[in-house]
């Protein structure tokens with residue numbers, strides 16, 4: 001895509017926890033040729049409602065259109081683009097790194113600095129768990145690279161706005177006991 | 001009371017006020033059809049599921065009620081796709097019910113299984129796969145609510161056969177609401193005030209009215225608004241009938257093949273009041289050069305339509321049913337004699353016209369439609385297919401009333417016109433229903449003539465037969481150096497060489513439409529010259545059977561004027577057709 005006014009957008013959506021919602025939302029982005037950088041879905045404080053956090057690169061005007069289209073989807077309750085909102089972002093990463101008895105100590109030091117944890121130790125490798133925003137994860141990755149990254153997986157960015165701004169249902173959820181379909 | 005899923009479906013449809021369903025049954029829809037057998041709901045068995053969707057769609061557009069169609073699983077469901085996409089683009093409220101294979105075999109590539117909800121998702125406003133018979137009432141209620149409110153559109157419900165058979169307690173839900181679906185109906189009072197202020201200060205205002213005015217039944221209040229603020233009105237293809245064609249403020253259709261004066265008015269107005277439109281590329285031409293001197297007010301129920309293509313100065317999100325009466329109240333009485341005079345002069349410079357140069361054995365299509373318009377006083381219900389004939393129909397059949405010009409505007413679905421005529425006639429049996437079609441478009445769905453005959457609905461079909469896919473040929477003629485690839489019905493592969501095109505008077509057309517009409521037991525009339533037109537139409541109006549009028553049109557006929565795709569409205573080609 002041409003580099004015109006493309007910015008990174010972190011979009012949060014509250015959606016009904018139902019089958020088909022993810023497909024509809026993914027389709028909105030794919031139909032416009034957007035590549036989703038990361039997508040995280042999970043339950044909220046309310047089991048009937050899921051929250052999706054989507055990170056995409058794109059032109060502001062096109063993203064505004066996508067936000068409106070997201071709002072149009074029946075199962076989408078609320079949408080917020082955090083691009084101009086102070087907010088926190090976190091991504092959890094698991095990295096399996098080649099490690100021997102000789103360099104394990106060095107790895108532990110790096111983990112300390114990043115407040116990462118070693119969650120599994122084997123003869124030739126360790127698994128490191130770290131959380132942080134994209135920058136931090138990238139920095140950790142750069143330092144781990146020389147050891148040999150064997151496998152890596154990430155949960156995708158989740159985000160919350162700082163302070164008073166909240167993305168919640170404006171009304172208490174009725175416990176109707178309706179079955180999810 | 002305990003009922004089967006199938007009984008619940010039919011009971012819900014009855015309570016939703018459904019009088020008619022279009023469709024075709026199949027293996028896994030049998031439980032529902034077994035209940036429909038004893039139901040007062042009329043079932044119209046079509047020849048193809050696509051026909052059923054267009055009928056339901058046009059039924060909805062003609063009546064303002066929700067249209068319903070149904071199909072079985074697999075191929076039945078996939079055949080609905082084009083019809084649903086057509087309805088989606090033109091905001092037509094329909095419900096499509098498909099059956100699905102048994103819940104426990106979904107995903108196993110069972111016989112006639114297709115992922116119907118997955119396939120329909122991009123072409124519907126919403127859709128459901130019902131996995132529990134206890135959900136049926138809620139799902140059907142929600143489907144009707146979603147289809148008919150906000151920006152209307154098609155909703156699809158997929159129901160596995162075991163859900164139709166399962167028994168459960170029937171509990172009607174009186175008041176239905178969906179927390180994540182609350183269309184904004186009231187326009188913001190401040191925005192309406194701003195709009196009224198802009199209208200008050202405008203010197204050259206123009207009302208640009210579209211399908212939203214038709215769909216919301218607000219033509220009357222739109223007319224009053226135009227009159228009070230003395231604003232000329234141009235309509236889109238979908239807005240044909242939003243104001244009576246003989247109203248002094250009506251200036252015509254705009255867009256790629258619109259009237260010269262309308263496109264000039266767009267380019268020179270200082271205020272554009274857009275109501276129920278979406279600034280389609282066929283209307284705006286090149287966006288950067290679109291209506292450069294105007295402020296823009298855009299009233300629409302769909303926030304995503306606003307600011308999508310054209311930046312708006314005063315957006316008003318809301319239902320025209322609420323916004324227009326408020327705006328009417330808020331606007332000042334104005335008068336713009338200079339502006340109207342200017343437009344009148346422009347119209348006189350280049351009126352919608354065509355050359356009187358009928359070639360021997362051929363008739364000008366514009367003449368035929370103009371004649372039809374005169375004879376019916378613009379009051380017939382006209383449907384069209386897609387192509388040149390559709391544009392000629394738009395140019396020469398300006399409707400007197402809303403819901404009387406039904407066409408596939410957004411998707412441009414060839415074949416739409418004929419099944420649409422059947423659906424529309426069922427919604428308005430008292431109307432004269434005329435389908436204006438082309439030979440290419442008509443043949444895509446003409447199998448439905450059997451449906452029309454069997455269901456005893458009278459349709460007058462005018463097929464302009466130029467033996468070519470005329471609109472595509474026109475583009476080849478103008479923009480592809482007359483290299484006629486795949487557009488000639490009479491040449492192998494459709495390929496013709498400029499100067500050596502096949503002569504329709506020597507090569508027989510397949511099918512022979514007169515014999516075809518005879519085979520279906522309807523009246524066939526062939527028209528080869530201008531003096532046969534009036535008597536053919538008279539005969540058609542009098543006939544108690546459906547009629548097919550085949551009009552020989554020369555292959556070189558073009559739709560003019562024309563704004564080339566992607567060009568600015570100022571670059572209109574004015575060669576007379």
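The values are calculated or read from the model by the stated rules, or taken from the named source; none is laboratory data. Just so you know, these numbers come straight off a predicted model, no measurement behind them. A quick note on method: Cβ atoms are made from the backbone with ideal geometry, for glycine too, and the neighbour counts reach across all protein chains shown.
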Select from the stretch B:293-304 the residues that are touching a residue at least 60 places away in the same chain (Cβ under 8 Å) and either away from chain A (no Cβ under 14 Å) or surrounded by fewer than 22 Cβ atoms within 10 Å (Cβ to Cβ) (or both) and list them in ascending order. B:294, B:295, B:297, B:299, B:302, B:303
If you check B:98, B:124, which single one turns out to be farther than 30 Å from residue B:185 by Cβ and touching a helix residue (DSSP H, G or I) at 6+ places or on another chain (Cβ under 6 Å)? B:98
Go through the stretch B:371-424 residue by residue and tally those that are under 14 Å from residue B:54 (Cα atoms) and buried (at least 24 other Cβ atoms within 10 Å of the Cβ). 19
Filtered residues of the stretch B:365-423 (kept if part of a loop (DSSP other than H, G, I, E, B) and within 16 Å of residue B:469 (Cα to Cα)): B:385, B:386, B:387, B:412, B:413, B:414, B:415, B:416
Looking only at residues that are in the same structural domain as residue B:503 (by TED's automatic domain parsing) and assigned to a helix (DSSP H, G or I) in the stretch B:535-577, which one is nearest to residue B:261 (Cα to Cα)? B:537
Residue within the stretch B:46-56 that is outside the structural domain of residue B:412 (by TED's automatic domain parsing), in contact (Cβ under 8 Å) with a residue 60 or more places away in the chain and more than 25 Å from residue B:449 (Cα to Cα) present: no
If only one of B:165, B:179, B:204 is at pLDDT below 95 and over 18 Å from residue B:324 (Cα atoms), which one is it? B:179
Given (1) free of Cβ contacts under 8 Å to residues at least 60 places away in the same chain; (2) on the phi < 0 side of the Ramachandran plot; (3) away from every other protein chain (no Cβ under 14 Å), identify the lone condition not met by residue A:71. (3)
Inside the stretch A:1-116, counting only helices (runs of 4 or more DSSP H) that do not spill past its ends, which hold 3 or more residues that are under 23 Å from residue A:154 (Cα atoms)? A:21-30, A:104-113
Test for residue B:498: is it in contact (Cβ under 8 Å) with a residue 60 or more places away in the chain, exposed (fewer than 14 other Cβ atoms within 10 Å of the Cβ), in the same structural domain as residue B:435 (by TED's automatic domain parsing) and more than 30 Å from residue B:433 (Cα to Cα): no
When you scan the stretch B:468-491, do you find a residue that is surrounded by 16 or more Cβ atoms within 10 Å (Cβ to Cβ), over 30 Å from residue B:564 (Cβ atoms) and in contact with a helix residue (DSSP H, G or I) (Cβ under 7 Å, 6 or more places away or on another chain), even just one? no
Restricting attention to strands (runs of 3 or more DSSP E) lying wholly within the stretch B:126-206, give those where 1 or more residues are touching a residue at least 12 places away in the same chain (Cβ under 8 Å), away from chain A (no Cβ under 11 Å) and buried (at least 20 other Cβ atoms within 10 Å of the Cβ). B:155-160
Looking at the stretch B:440-462 only, could you name the residues that are in contact with a strand residue (DSSP E or B) (Cβ under 9 Å, 6 or more places away or on another chain) and over 19 Å from residue B:50 (Cβ atoms)? B:458, B:460, B:462
Matching residues, the stretch B:96-121, being within 14 Å of chain A (Cβ to nearest Cβ), in contact (Cβ under 8 Å) with a residue 12 or more places away in the chain and over 22 Å from residue B:55 (Cβ atoms): B:100, B:103, B:106, B:117
Do the conditions hold for residue B:324, that is, is it farther than 30 Å from residue B:477 by Cβ, surrounded by 24 or more Cβ atoms within 10 Å (Cβ to Cβ) and modelled with pLDDT of 95 or more? yes
Checking B:273, B:261 in turn, the sole residue that is surrounded by 24 or more Cβ atoms within 10 Å (Cβ to Cβ), modelled with pLDDT of 95 or more and more than 23 Å from residue B:378 (Cα to Cα) turns out to be B:273
Residue among B:486, B:517 that is assigned to a helix (DSSP H, G or I) and modelled with pLDDT of 95 or more: B:517
Considering each of A:20, A:58 in turn, give the residue that is in contact (Cβ under 8 Å) with a residue 12 or more places away in the chain and more than 14 Å from chain B (Cβ to nearest Cβ). A:58
Scan (1) surrounded by fewer than 18 Cβ atoms within 10 Å (Cβ to Cβ); (2) under 20 Å from residue B:212 (Cβ atoms); (3) out of contact with any strand residue (DSSP E or B) (no Cβ under 7 Å at 6 or more places or on another chain) for the single condition residue B:307 breaks and write down its number. (3)
Every residue in the stretch B:259-292 that is closer than 25 Å to residue B:146 by Cβ and without any contact (Cβ under 8 Å) to a residue 40 or more places away in the chain, please. B:279
Wholly inside the stretch B:11-96, helices (runs of 4 or more DSSP H) that include 3 or more residues that are modelled with pLDDT of 95 or more and over 19 Å from residue B:143 (Cα atoms) are B:30-36, B:49-63, B:75-78
Is it the case that some residue within the stretch B:333-352 is modelled with pLDDT of 95 or more, touching a helix residue (DSSP H, G or I) at 6+ places or on another chain (Cβ under 7 Å) and surrounded by fewer than 17 Cβ atoms within 10 Å (Cβ to Cβ)? yes
